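The values are calculated or read from the model by the stated rules, or taken from the named source; none is laboratory data. These numbers were taken from a predicted model, which means no experiment stands behind them. Because the Cβ atoms are built from the backbone with ideal geometry, glycine has one as well, and the counts that use them run over all protein chains shown.
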Amino acid sequence: MQVQVYNLKGKVAGQIEIRDDVFVVPFNETVVHQALVRQLANRRLGTADTKKRGEVSGSTRKLFAQKHTGRARRGDVRSPLLRGGGVTFGPHPRSYHQDMPRKMRRLALRCVLSGKASGGELKVIEKLELDSPKTKTILDMLVALGIGDSVIIATAETEANLVKSARNLLGVKTMPAPLLNVAALLSFKDLVMTVDAVRKAEELWGKKSAPEAVGSVN
């Protein structure tokens, strides 16, 4: 698949060929949804905890006689029915971890990348090397590319000056290509990638990529 390559001023600087097995994959909604749910579930700490009636401080003495008071049959003060008592069926520490086969994780990521490419939400730029942090340079580039809502800027490796330049821009997130993931790509409308980032993505998630490179998929 041929895509246009832009410079920092938003002008077309040429074209490159991107791999069909990464950027032209039929969208599998079921796999993408499962990958998203898995990723969000694995973020949960599972540390919420409540006390049962046996764990709440308080006397076990029966509050009043069972009969002849005209009141409800009441047990001790630790009953879940009373204020300050135990919690019925409350949360307790647990793991929300979900597993997903490696091939399905990679397929989900390729589906989302392909959706960005086919929907016109993928922009490829020549390079993004900044001598010093400059927010205006990044802002002008995004305006020139016609990006206004939210965007991920992906580079082959972490660029410190880019991170500093974009961190004050609302709706702009920067990350190296190996850290691209389904949840992030679905949370941001557009995706800007350098040519090197595109090649890195193809190396990691292409069908003929080396087995040791697959471990970086989230």
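Pairing each residue of region 95-112 that is assigned to a loop (DSSP other than H, G, I, E, B) with any residue that is charged (D, E, K, R), provided the two are 6+ apart or on different chains, yields C-beta distances under 6 Å for Tyr96/Arg44; Gln98/Arg38; Met100/Arg38. Of the residues making up region 45-102, those that are under 30 Å from Ala35 (Cβ atoms) and surrounded by 11 or more Cβ atoms within 10 Å (Cβ to Cβ) are Gly46, Ala48, Asp49, Pro91, His92, Arg94, Tyr96, Gln98, Met100, Arg102.
Just to be sure before I move on: is Leu170 at pLDDT below 95, assigned by TED's automatic domain parsing to the domain that holds Arg110, of a type in the set (A, V, I, L, M, F, W, C) and closer than 20 Å to Leu128 by Cα in the structure I sent? Here the answer is yes, as Leu170 does meet what is asked. If we keep just the residues of region 21-71 that are over 17 Å from Leu113 (Cβ atoms) and of a type in the set (A, V, I, L, M), which is nearest to the chain's Cα centre (by Cα)? Among residues in region 21-71 that are over 17 Å from Leu113 (Cβ atoms) and of a type in the set (A, V, I, L, M), the one nearest to the chain's Cα centre (by Cα) is Leu40.
Conditions tested, residue by residue: (1) among the small types (Gly, Ala, Ser); (2) at pLDDT 95 or above; (3) surrounded by 16 or more Cβ atoms within 10 Å (Cβ to Cβ); (4) in the same structural domain as Phe27 (by TED's automatic domain parsing).
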residue	(1), (2), (3), (4)
Gly120	yes, no, no, yes
Glu126	no, no, no, yes
Asp131	no, no, no, yes
Lys134	no, no, no, yes
Val151	no, yes, yes, yes
Asn181	no, yes, yes, yes
Ala184	yes, yes, yes, yes
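Every test in (1) modelled with pLDDT of 95 or more; (2) in a helix (DSSP H, G or I) is passed by Asp21 save one, and that test is (1).
Among the residues of region 201-218, those that are surrounded by fewer than 22 Cβ atoms within 10 Å (Cβ to Cβ) and either assigned to a helix (DSSP H, G or I) or at pLDDT 50 or above (or both) comprise Glu202, Glu203, Leu204, Gly206, Lys207, Lys208, Pro211, Glu212, Ala213, Val214, Gly215, Ser216.
A search for C-beta distances below 6 Å between a residue of region 23-34 that is assigned by TED's automatic domain parsing to the domain that holds Leu204 and any residue that is of a type in the set (Lys, Arg) and modelled with pLDDT of 95 or more, counting only pairs 6+ apart in sequence or on different chains, returns Val25/Arg110.
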